[in-house]
Every structure is written in structure tokens, then in C-alpha cells.
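Chemist: I'd like to ask some things about the structure below.
FYI, it's all coordinate maths here, none of it is from the lab. Just so you know, these numbers come straight off a predicted model, no measurement behind them. Don't worry about glycine lacking a Cβ; one is built from the backbone with ideal geometry, like all the others, and counts go over all protein chains shown.
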């Protein structure tokens, strides 16, 4: 089989992160030893915009990317042949990777035509007609003298119709074979490019076809061209799982620091993107204090260094005030200095990631970085402008509420009740539901059947998405999760989804699928799915496809959703749990709710506090009780007997005296000292 041939790069994996696809490795090109994972600054026309090659060396750049199509037109291949290749031409002693021109086939649809032979372009320099075929592309890359060449491919939009994606994939495979043949005995390495848009079957077909060919590495193409973030991550994870472990993997054209972190987690080794220099030209920088926009007037008098945690030349020497001035006056020095910092930031991030993989501490770093890399300026938070009047901030019975602390949540207009009024939705979901239920521990357990969570009160989806993201952080070999959400009014989720700039956790393929189809299956985790059961919970719980192991009970309170907190509701729920080990977690600590749970047959324990409640509630079947559960005892009974809400709200007054004995005789309170009267 051709795929068993020795790679020109001799790639080696030095370490793999536990619980992740992240890996650290290395290879040798014609010019230098390369350590992965790495970022390649983009030097399309034999220059990284506004940067000296010495600056790039000092920042730690190991490979630069240049573009065959542009260099073919200007300065032309004769220049590279006479100058002895691109390294002498641009005074760069480390590696160069050349793109094949395939992206230009995609990005210039009105200036080219595609046939089996190749793509015909009209030159933007002199108007002449140029055929970019696999043979001419590889011939040009040989003349340029890059260390790594890319096979010519046809890229299509990631959202293209399946028939279009299939035709491009098949042409890419035929061109890949011709590209390899055109290389001959050149010592330059060559990567094949996996295509297939967002169709798992096509991605699988493309990867399996290309690994049969003697490529030295493989690129994931056709992403960052129209798809959503979660779709890109799912496709990336699927594709890396199909590629050989002994060859480097390159995600083309991606991306932001957070994009790169997520892709490393999914097994990618190499990245390129124009973002570091592109945003610098407009005054943008990535820092340990979040993303800063130097055009803001808040920096006019700022004597602070750009990033106190950075040792790049820009940060060591220049104040934010001066960089603000250069940006506002559009001086090219500002572009140069900010670009220098951004490139340094990218390389430093990849160095930290590599070190964490080697020390097997990647997952803690991943969790830390994924929460900080998307932040805006932490020193001078951006004040959110009042939305335009035309922007719809209400839907049905709900409106968006912005807390004084700056986070957004959903408010029920009629009752005034706010979901997550004191704490950001995802933070409350993590503390109250994910951590209390020990979800990571359950997912990593030895059980063979997926864990089942009933998410009662889907709302704006914070609890559901917290559970999904927790599962996605686990390896695909873990137990898995079947998430079942109950909701009678999807307008709160629709409203948050339409405004996902304020509810960023909804930037995922799951919520869109739930709103459209009522069901979502993960493409990357074979045991992860999400199902919606519509309707009033007490009436619809029998429609659930599976019984629960954990229950996240997050309905609006009794004044808004009274039927959810009745004895009738909890009796039906207890029947669904009977004979199983089930734990229910909820934000309330009301006496009426707790007594309804007890009367229904649950044992009840105190849960941890939230921002506005000193304690919450855990309801348990007997098999789920652990020694560390703080079960209600005689002290609570004494409080209950003094309470005006001693009985379930739907219990007739004529039955109160009989039900008092039911509570007192509950197994939970046996062997307890009698309450003071």
C-alpha cells in the first residue's frame, strides 16, 4: 500500500494529552527542526505584512506560508530560479510552506473556469491567461523552493450542496495523484488536502482515499469558509480521527487564538491565518487581558504597557497611549508594532500549549484558556451600547435582561422573574448542576450505557449546553450522554439564540438543531445526543425515551409555573425514577417544594449556595444517597412545623393533618430527635 512509504519529514509524536486529542511532536524540513503544535504566519507574497524576517525569527516563527498563485504572477518563477529560491529571495533561513493556489480557485469565482485539466485564470498583473493545473502548481512550488508543498485541490464553501462537495472532492483526489506524480524526486515534502464540506460521509471518503497516497502530511481544507464555530470543530475532530497518527495534521486558514486552542484539543498540529496582522492593521491586539482595540479613546492617556504578561519588543518599550496614537493617525509603525505583538502572542500561546502537553497538564490549561481567550478588554471593559430600536429584544412572554454586572439573561415579562438574576447563566449552570452532580465523574465511569440527564425547564439552554460541553471535553471512548430537555415554550431559547452575541454559549450546532428538528446528534462523540420533549412537564414526562440518572430541575418558580412544583408533579417524577439511582438538583430551597418532594417519596438534602440563596435542594432516591449528602433532619422539621407553607400547594386543606404524619414518618427522619413544638 502506498500509504506505508516513509515520509520526507520523519514526523514523530513526543507526547499525547490525557483526555484530549492534543499532541506534541516534531519533524525536520530541509531548513530546520520544527516543533508542534505551531502557528505559521502568512507571507502571501514572500512577506508577512509590515514585519521584518528578523522580527519573525525573534518571535519564534518556524515556518512561513507563501502563496503559489500570487508568486507565480509576481515576481514570477524566473526570479526564484535566478535567486536560488524563496529563502535567499526574502532572506529567511527557516521553513516555508507554499499553498497550491487552490484557495484562489475558490475565492476568484468570476475570474476563472475549472476543467479536469485545471483552473484557468486571467492574471491581475497583465491580463494574460494562466492555467493552474496540478503539474503547473507543483512545478511552480518546486521553482519557489518551499520546504512543504500543497497538492492542488478544489475548495468549495463548507455549506455547499452535497453534490457540489462530492464533485469537488473527486476532482481533488484526481489532482492529488497528479500532484504527487509531478513532484518526481524533489526532496520537498507534500501534503494532501482533505475536502468534503460539512458532510461526515464525504470527509471520511476523502481522508480514507488520501491516506492511501504517499503524502508526508495532511491538511484539513474547506473550513473557515462559511460554517459556524461548532460545525468547524465537529468536522475538525471527525477528520483528525481519520488521519494517520504518524503524519502531521494542518488546519488551513484557522484562526483566532481560541479557534487554535479548540483545534489542538481535537488533534491538529499546524495552523496558519492572516488574523494577527490583519487585526493589527485596524488597531486590534490579543493579550492576556483579553482582546484590545487600540482605537478606543480610553487609551489616549494610558501609560500602561500593552500586555503586562508579554515580553515582546512592543510590550517592553511602548505605552498603550503611543500605540493608540499610531493607530488613530494610521501610521504604518502602529501596524508593525501591533502585528509584532500579535505574532509573538500566537507563538507564546502555542509554546504554552506544547509545554502543557509534554507535562500532561493540557486539560487544565485548555479549560483556563477557553474562558479567557474570548474575553474583551479586562482592564477597560467595553460598555455595551443600547441596542438599536429595530433589534428585537422580546419574543412572546420573554425579554432579554442585562444585569448590572454586564451579563445577559432571560426575563419572564408578566411575572418579572429572571432566569439567573445574580450569576451569569453558564457559571450558575456549572456550579449548581454540573459540579454538584459530579457530571465529569459520571461520564468517566466504567458504566457501558450512556448517562441520561433530564433537563427539566430548557429555558435559554444554559444547563443543557453546560452538560454538552462537559461531555465534549471527555474522550469519545468515555461513557457518553443522552440529554433529554423538557420545555413547553421555546420562545426563551429562540430569543437567546437570535441574540447569541449576548448568549455566546449558544454558538454551537446543538441549539440550532433542537429549535429546528427537536433532536441533535454529535458528529464527534458517538454517544452524545440531545432530544427535546415538548409540552407541560408533569404531563409530558412519560414521553421521555429513557429514564433519568440525573435531573436538572430548573423550571420557573411556583408563581410563574405553579404546576411544576406540586405534589402531583413530584409523584409522577418519583414514579419515573422508582427502582433507580437518581439525583435531582434544583435552585429552590422553598419549604413547600421540599415537602412536596418528601411527600412524593424522595429523600431531600441541602445543596450548595448560589448568588442569591444560602442553599439549594437535592432530591434523591434511596440508591443515590451518599454519605456526604447533607440530608434534612430534625432542625428542618422544627422549621417546617412553624412554617406557613407546611404542605404541598395542591393538597386540599382537609388532608393536611393526615399528611403531617406522612412527613414525620418519612424514612429520612427516622431515628431523629423529635422536633421542638
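Chemist: Packing-wise, with mean Cβ within 10 Å as the measure, how do 316-324, 514-522 rank, highest first? Intermediate results must be reported in sequence, preceding the final value.
Modeler: Values: 316-324: 17.7, 514-522: 16.0.
Averaged packing, sorted descending, gives the order 316-324, 514-522.
Chemist: Please list the equivalent ellipsoid semi-axes of region 424-669, computed as the square roots of five times the alpha-carbon gyration tensor eigenvalues, in descending order and whole angstrom. Kindly include the intermediate steps, with their values, before the conclusion.
Modeler: Working: eigenvalues 193, 76, 54 Å².
The answer is 31, 19, 16 Å, longest axis first.
Chemist: What do the square roots of 5 times the Cα gyration tensor eigenvalues come to for region 44-151, in whole Å, largest first, as semi-axes of the equivalent ellipsoid? It would help to have the intermediate numbers written out before the result.
Modeler: Numbers: eigenvalues 130, 37, 33 Å².
Over the Cα atoms of region 44-151, the semi-axes work out to 26, 14, 13 Å.
Chemist: Expressed as a whole percent, how much of the Cα-Cα distance distribution for region 101-245 exceeds 24 Å?
Modeler: Details: 3124 of 10440 pairs.
Distances greater than 24 Å cover 30 percent of the Cα pairs.
Chemist: Taking the chain as the reference, fit the longest principal axis to its C-alpha atoms, fit the long axis of helix 567-577 to the helix C-alpha atoms, and give the angle between the two in degrees, 0 to 90, nearest 10.
Modeler: Taking Cα atoms only, the helix is inclined about 60 degrees.
Chemist: Specify the angular offset, from 0 to 90 degrees and rounded to the nearest 10, of the alpha carbon long axis of helix 591-600 from the longest principal axis of the alpha carbons in the chain.
Modeler: The helix 591-600 is inclined about 80 degrees to the chain.
Chemist: If I model a spin label at residue 562 and residue 181 as a point 7 Å from the Cα along the Cα→Cβ vector, what separation in nanometres do I get?
Modeler: For the pair residue 562/residue 181, the computed spacing is 8.0 nm.
Chemist: Using only Cα atoms, what is the ratio of the radius of gyration of region 305-421 to 2.2 N^0.38 Å?
Modeler: Details: Rg = 20.5 Å, N = 117, 2.2 N^0.38 = 13.4 Å.
My calculation over the Cα atoms of region 305-421 gives 1.53.
Chemist: To continue, here is another question. Which number do you get for Rg(Cα) / (2.2 N^0.38 Å) in the chain? Write out the running numbers ahead of the final one.
Modeler: Numbers: Rg = 29.4 Å, N = 677, 2.2 N^0.38 = 26.2 Å.
This ratio for the chain stands at 1.12.
Chemist: If you don't mind, there's one more thing I want to ask. Which FRET efficiency value, to the nearest 0.05, is calculated for residue 639 and residue 536 with the Förster distance at 30 angstrom and r the Cβ-Cβ distance?
Modeler: Working: r = 31 Å, r/R0 = 1.04.
Efficiency for this residue pair is about 0.45.
Chemist: Would you compute, from DSSP H runs of 4+ residues alone, the mean residue ellipticity of the chain at 222 nm, taking -39500 (n - 2.57) per run and dividing by the full residue count, rounded to the nearest 500?
Modeler: Details: 25 runs with 235 residues, N = 677.
Helix-only estimate at 222 nm: -10000 deg cm²/dmol.
Chemist: Let me ask you something else. What's the extension gain from residue 448 to residue 54 if we count 0.36 nm per residue and subtract their Cα-Cα distance?
Modeler: Separation in residues times 0.36 nm, less the Cα-Cα distance, equals 136.3 nm.
Chemist: Using 1/(1 + (r/R0)^6) with R0 = 51 angstrom and r between the beta carbons of residue 438 and residue 330, what's the FRET efficiency to the nearest 0.05? Before the final figure, lay out each step's value.
Modeler: Working: r = 54 Å, r/R0 = 1.07.
Once the sixth-power term is evaluated, E becomes 0.40.
Chemist: Here's something else I'd like to know. In units of 2.2 N^0.38 Å, what is the alpha-carbon radius of gyration of region 556-611? Please report the intermediate quantities before stating the final value.
Modeler: On the way: Rg = 11.3 Å, N = 56, 2.2 N^0.38 = 10.2 Å.
So region 556-611 has a normalised radius of gyration of 1.12.
Chemist: While we're here: Need one number for region 1-106: average projected area of the convex hull over its C-alpha atoms, nm². Show your work: numbers first, answer last.
Modeler: Working: hull surface 38.2 nm².
Value for region 1-106: 9.5 nm².
Chemist: How big is the antiparallel share of DSSP beta bridges in the chain, given as a percent to the nearest 5?
Modeler: Values: 42 of 88 bridges.
Taking every DSSP beta bridge within the chain, about 50 percent pair in antiparallel fashion.
Chemist: Give the Rg (one decimal place) followed by the Dmax (whole number) of region 274-370, computed from C-alpha coordinates and expressed in Å.
Modeler: 14.3, 46
Chemist: Let me ask something else. Under 8 Å for C-alpha pairs, at least 6 residues apart: give me the relative contact order for region 135-233, rounded to a whole percent.
Modeler: Details: 153 pairs, mean separation 31.9, N = 99.
Reported as a whole number, the value is 32 percent.
Chemist: Run the numbers on the chain and let me know its relative contact order in percent, using alpha-carbon pairs under 8 Å that are six or more apart.
Modeler: Values: 1304 pairs, mean separation 65.8, N = 677.
Averaging sequence separation for qualifying contacts and normalising by length gives 10 percent for the chain.
Chemist: May I ask for the angle, rounded to the nearest 10°, between helix 162-183 and the longest principal axis of the chain, with both axes built from Cα atoms and the value confined to 0 to 90°?
Modeler: 40
Chemist: Given C-alpha coordinates of region 202-264, what is the ratio Rg to Rh with the Kirkwood estimate of Rh?
Modeler: Working: Rg = 11.6 Å, Rh = 12.2 Å.
My calculation puts Rg/Rh at 0.95.
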